[in-house]
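Structure first, then comments.
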Amino acid sequence: MAVSAACVVHCAVVPVALVAVPTLASQWERVEGPLVWAFLALGVAGAAVALVSGFIRHRHPFPLLAGWGGLAVLVAAEQWDGPVLAAVVGGVSLAVAHAVNRRLVKSWAACPCPGCRDTRSGR
């Protein structure tokens, strides 16, 4: 729930930041790098919490691996001034990882088998 709230805040802040960019055009060179890295840091932290907590519940490695791979591509694209396509691929990979993670957590919560019940109850 908290990660979803952080996502809502992130999604609300990014458009405002993008609208504010033209007013900061004279200072963009000075502001761009730290701003991008701040958003990447928030994204890495949020994804870490969401993907790791989901993995602890459902134990499927795909969302964790796809999410970390997407984050790695995003960070690499920013670090080495990669093409925009690299950032898009990283973002799509991260979005797919979150969608699969959410589906797996929901199916794990509804699973009636004894093994899942035991992990939900902490046994």
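Number of residues in segment 69-96 that are acidic (D, E) and assigned to a helix (DSSP H, G or I): the value is 1. Checked against (1) over 21 Å from V92 (Cβ atoms); (2) surrounded by fewer than 17 Cβ atoms within 10 Å (Cβ to Cβ); (3) modelled with pLDDT of 75 or more, S26 passes all but condition (3).
For segment 93-109, the count of residues that are exposed (fewer than 13 other Cβ atoms within 10 Å of the Cβ), modelled with pLDDT of 90 or more and not basic (K, R) is nonzero.
The values are calculated or read from the model by the stated rules, or taken from the named source; none is laboratory data. Note that this is a predicted model, so its numbers are computed, not measured. Note that we place each Cβ from the backbone using ideal geometry, even for glycine, and neighbour counts take in every protein chain shown.
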